[in-house]
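See structure below.
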Amino acid sequence: MPHLELSHITKDFGTVRAVQDLNLEVDRGEVLSILGPSGCGKTTTLRMIAGLEIPTSGSILANQRDITRVPARQRNIGMVFQNYALFPHLDVFENIAFGLRTRRLAQPIVEARVVKALKSVRLDGFERRSVHQLSGGQQQRVALARALAIEPEVLLLDEPLSNLDPSLREELRDQIREVVREFHVTTVFVTHDQQEALSLADRIAVMQAGVCRQVGKPGEVYDKPADAFVARFLGKANLLPAENGLLFVRPENVIIHGVSGGTSGSGFSAVVTKAVFEGPMVTYTLNGNGVTLTARQFHNGRRIFQPGETVHVQIPPDQSHVIPGSDETE
Amino acid sequence: MIAIIIFFVLLVGVLYPNAYTFIGSFFPDGGFSADTYVRFFSSPSGREALANSLTISVATVLFSAAIGIPLAFVFHRFDFPGRRVLRAIASAPVLLPPLVGVISFLFLYGESGIVSRSIQNALGLAEPWPSLRGIWAILIVHAYTMYVYFFMFTSAGLERLDGAMEEAAETLGASWIAKLTRVTLPMLVPSLVGAALVTFMASMASFSAPYIFGGGVRVLSVEIFNSKLNGNTPMALVETVLLASSSLAVLFLLRWYEGRHRYSAVGKGVATQRVPITSGLAKLVAGVIGTVVVLLLILPHLMVLLMSFVKDGTWTVELLPPVYTSENYLKLFTDPTFLEPIQNSLWMAGVATGLNLAWGLLATFWLRRTRGNLRRFADILIIIPWALPGTVVALAMLESFSRVLAGTVALLPIVYFVRNIPLVVRAIDASFAQMDPAVEEAAATLGAGTIYTIRRVVLPLVLPGALAGSLLAFITALGDFVSSIIVYVYSNRPISIEILSQLRISNLGTASAYAVLLILLIAVTLLAGERIRAPGRDPLVQ
Ligand SMILES: Nc1ncnc2c1ncn2[C@@H]1O[C@H](COP(=O)(O)OP(=O)(O)OP(=O)(O)O)[C@@H](O)[C@H]1O
Ligand SMILES: [Mg+2]
């Protein structure tokens, strides 16, 4: 029984269709990521779950109860905004206590919960800081603590890491994962960064232009993309013309070896046109069988094939599959 | 309910008086007739007043631009000793209420002014010089008070300019002339047009200068007052309509222009480096010019201060006042008749400003949640009093409320209130624009209802800006002369009216003591306004 359910959600802004016929289910305690390029309707989806936007059609259910038209303030859904939206006139403590005070909790309970929330984001002792005196990462964590302090049914995060510099991102990503697991709160977070989605989410929904293209576990969407868009959005992909669609294979799954080792049955030979050394791995661009494809390999200290060399290429059937339709993104 | 309060004020305070005036101007004695218009345009004096108003306004724009623009450039481009002090002093005219400024100019540069007679003595001239009067006197006073618009608009425009843009022009081989004419000035055009239109409207509206110092030069704003005084109400209405429509035309020109030339939000570029003035000779020249400029700027203030210590009735033919006393000030605070105007000004400005703040907040909250024609209608009504000269607003309200409020103590504070509606609403609007709309949504997700969000989040964020704007409104009301002279009654006579009465009976010292008090009140209020906008209260900058 899903904790949160979006069914046939469509949202129009005037003539712009931001979200179209979206269906999503999130289980209790699950972390779902909505992944997609800029403008695909991620924020809009999140805002409809939060109650900040009302769908044009469709319904949203929490615990089987229809909340489509319940105002945001009655939903008990915590949200971390893309720009954090901290209250600039309140200090860290009062920012986090805000949602507790609207619930008219007694002061000792408020204090206890604020302290707990601050501790979980590792900002103990920051209670009386003004939010102006915080770094971007600290502001982000205060926003997270503020959303968690109300012990929400569902936690929503809108691109929580996009405003931070890369070195901070990884650290905070781990922290968010820990905090979310610790509170065991049903979480939906939005991102356009596939690394973030793959490493944080239990399941990923990939969106494009308002339409959900695929939902699945990180491994599924990465290894078994439903279409060319998903295949490309989650990482480098070879999409080779095939009988009734496109043959999909990730570069790291393409097997190549030197022709001197003898050619064993299946596969075809190809010429190396480019070899890029990337530390542990080498990326080859190959030309053969009438197609261009990419392969990535650990070199493990072995010799690196040079442009002009002929190699033997194999595509393992268990790590490739045919995607129906043609390649529209190329 | 809220909408009713908002529209009640706009319809009764703005639309009704102006519509009444407009329609009334076509019904001089009950029946429809455009006779009064015909009479206005066929009389030489009417045409003269209109022509004078327009000529003076165009000349004022040119004069103010000639002073304000170069000054803004000097402060923006050069670094010199005393730069910050000088920059603060450049805004000194703001401290002088219109009437006070005019009076001190009269006593400095008029026929028997101190400066005129000193120059006569020093150069051995037959007549005092410059002995300002008529159109020239008006123009000089206007240039002094209104160059500030050009100075401020140009300074703001220069601040917005990205220094990298000029550097880019330089690397592309532009000479300084080319840089100025092809890059800098074109980018400043929106600021300059804004300043020109605002100056034009202020000049059209100007009353004190032509009334006190004009020596019989006819201008529309004063003609309205005279027609009314002579009991020729139909003519006053026609003149009001003409003055109002020329100002409104300029207002709509300004809005249309602003709409077409949105200032693009300029990112963080390179700040222009100020050129330090280092060579000895240049420093000397700069120092001398600076001193002269400062002197010219604060001479009016000093003049009022000096006159406030003159014993009434003692200064006649001497160059400098012969007898000094502090009794003028003592009198203001000990004699109830003299204290009354001060109390009147304070309570009327206070009540009007309080209403402005309360109504302004209510209106802005409501307008933000409203779209469509109703909102557009409200927006227009709100901006109208800003464009209308004080004489127009006051006369329109006096005439249209002739059966209820005219002749009562309440009308003048209501006029102050209506005139300051645009100022306060704009200030509140600006604070709202600085607020991140997501904080309201954040409050909602945290369980806060509308009222709670307003009380705990929106008001604390908006109030500093709103209060700062209200203080400006308070100052305007405190120093007002134009609308006061039309609607005051004896029991609510404000300071400015009392200054005029004291002058009429030659109590120069008493009048000036009032003026100094007014200047001090304005200065204190401005300082308080600065304090409210303390740093750290601004919304988070991402
Ligand atoms: N309030 C609105 N009014 C009109 N159009 C809107 C509004 N909000 C969003 N849109 C449009 O809906 C579409 C989806 O917007 P949304 O903000 O959900 O995208 P997003 O996936 O969050 O993008 P990003 O990654 O850039 O934040 C866009 O085309 C956008 O222009
Ligand atoms: Mg977004």
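Applying the set (1) more than 30 Å from B:Pro128 (Cα to Cα); (2) touching a residue at least 60 places away in the same chain (Cβ under 8 Å) to B:Thr325 leaves exactly one unmet item: (1).
Of the helices (runs of 4 or more DSSP H) contained entirely in the range A:129-248, those carrying at least 2 residues that are in contact (Cβ under 8 Å) with a residue 12 or more places away in the chain and within 16 Å of ligand 1 (Cβ to nearest atom) fall at A:194-200, A:228-233.
Here the range A:1-17 is the region considered, the condition is being surrounded by 14 or more Cβ atoms within 10 Å (Cβ to Cβ) and within 10 Å of ligand 1 (Cβ to nearest atom), and the residue that is farthest from A:Val206 (Cα to Cα) is A:Asp12. Say we look at the range A:173-196 and pick out the residues that are under 13 Å from the mean Cα position of the chain (by Cα) and closer than 19 Å to A:Asn23 by Cα; which of these is nearest to ligand 2 (Cβ to nearest atom)? It comes out as A:Val190.
Looking at this structure, is A:Ala85 among the aliphatic types (A, V, I, L, M), facing chain B (nearest Cβ under 9 Å) and buried (at least 21 other Cβ atoms within 10 Å of the Cβ)? For A:Ala85, the condition - among the aliphatic types (A, V, I, L, M), facing chain B (nearest Cβ under 9 Å) and buried (at least 21 other Cβ atoms within 10 Å of the Cβ) - is met. The criterion of at least 2 residues that are more than 11 Å from chain A (Cβ to nearest Cβ) and surrounded by 22 or more Cβ atoms within 10 Å (Cβ to Cβ) is met, among helices (runs of 4 or more DSSP H) falling completely within the range B:410-509, by B:411-434, B:459-479, B:482-487, B:495-504. Looking only at the range A:18-43, which residues are over 19 Å from A:Thr186 (Cα atoms), near ligand 1 (Cβ under 8 Å from one of its atoms) and surrounded by 15 or more Cβ atoms within 10 Å (Cβ to Cβ)? Answer for the range A:18-43, where residues must be over 19 Å from A:Thr186 (Cα atoms), near ligand 1 (Cβ under 8 Å from one of its atoms) and surrounded by 15 or more Cβ atoms within 10 Å (Cβ to Cβ): A:Ala18, A:Val19, A:Gly36, A:Cys40, A:Gly41.
Just to be sure I understand, how many residues within the range A:97-106 are more than 22 Å from B:Leu463 (Cβ to Cβ) and either within 7 Å of another protein chain (Cβ to nearest Cβ) or modelled with pLDDT of 95 or more (or both)?
The initial filter retains those residues of the range A:97-106 that are more than 22 Å from B:Leu463 (Cβ to Cβ), namely A:99-100, A:103-106.
Now narrow it down to the ones that are either within 7 Å of another protein chain (Cβ to nearest Cβ) or modelled with pLDDT of 95 or more (or both): A:99, A:103.
Adding up the residues that qualify gives 2.
All conditions in (1) closer than 23 Å to A:Leu198 by Cβ; (2) touching a residue at least 12 places away in the same chain (Cβ under 8 Å) hold for A:Asp318, with the sole exception of (2).
At least 1 residues being within 13 Å of ligand 2 (Cβ to nearest atom), in contact with a strand residue (DSSP E or B) (Cβ under 6 Å, 6 or more places away or on another chain) and within 14 Å of chain B (Cβ to nearest Cβ) is the threshold, and among the strands (runs of 3 or more DSSP E) wholly inside the range A:1-82 those reaching it are A:77-80.
Every residue, every condition in (1) within 11 Å of chain B (Cβ to nearest Cβ); (2) touching a Leu at 6+ places or on another chain (Cβ under 6 Å), yes or no:
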| residue | (1), (2) |
| --- | --- |
| A:Phe126 | no, no |
| A:His132 | yes, no |
| A:Leu144 | no, no |
| A:Glu151 | no, no |
| A:Leu155 | yes, no |
| A:Asp158 | yes, yes |
| A:Asn163 | yes, no |
| A:Pro166 | no, no |
| A:Glu170 | no, no |
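Considered as a group, the residues in the range A:44-74 that are of a type in the set (Ser, Thr, Tyr) and under 29 Å from A:Pro218 (Cβ atoms) include one that is nearest to ligand 1 (Cβ to nearest atom), and that residue is A:Thr44. The single condition among (1) in a loop (DSSP other than H, G, I, E, B); (2) within 14 Å of ligand 2 (Cβ to nearest atom); (3) out of contact with any Phe, Trp or Tyr (no Cβ under 8 Å at 6 or more places or on another chain); (4) touching a residue at least 40 places away in the same chain (Cβ under 8 Å) that A:Leu86 does not satisfy is (2). Within this structure, B:Tyr514 fails the test of being among the aromatic types (Phe, Trp, Tyr), part of a helix (DSSP H, G or I) and within 14 Å of chain A (Cβ to nearest Cβ). Close Cβ contacts (under 6 Å, 6 or more residues apart or on different chains) running from residues in the range A:35-46 that are touching a residue at least 12 places away in the same chain (Cβ under 8 Å) and more than 10 Å from A:His192 (Cα to Cα) to residues that are within 8 Å of ligand 2 (Cβ to nearest atom) and not in a helix (DSSP H, G or I) comprise A:Thr43/A:Asp158; A:Leu46/A:Asp158; A:Leu46/A:Val190.
Restricted to the range B:113-211, the set of helices (runs of 4 or more DSSP H) holding at least 1 residues that are farther than 30 Å from B:Met303 by Cα comprises B:134-160, B:163-171, B:185-205.
The values are calculated or read from the model by the stated rules, or taken from the named source; none is laboratory data. As the structure is a computational prediction, the values presented were derived from the model and not from experiment. Neighbour counts run over all protein chains shown; Cβ positions are idealised from the backbone, glycine included.
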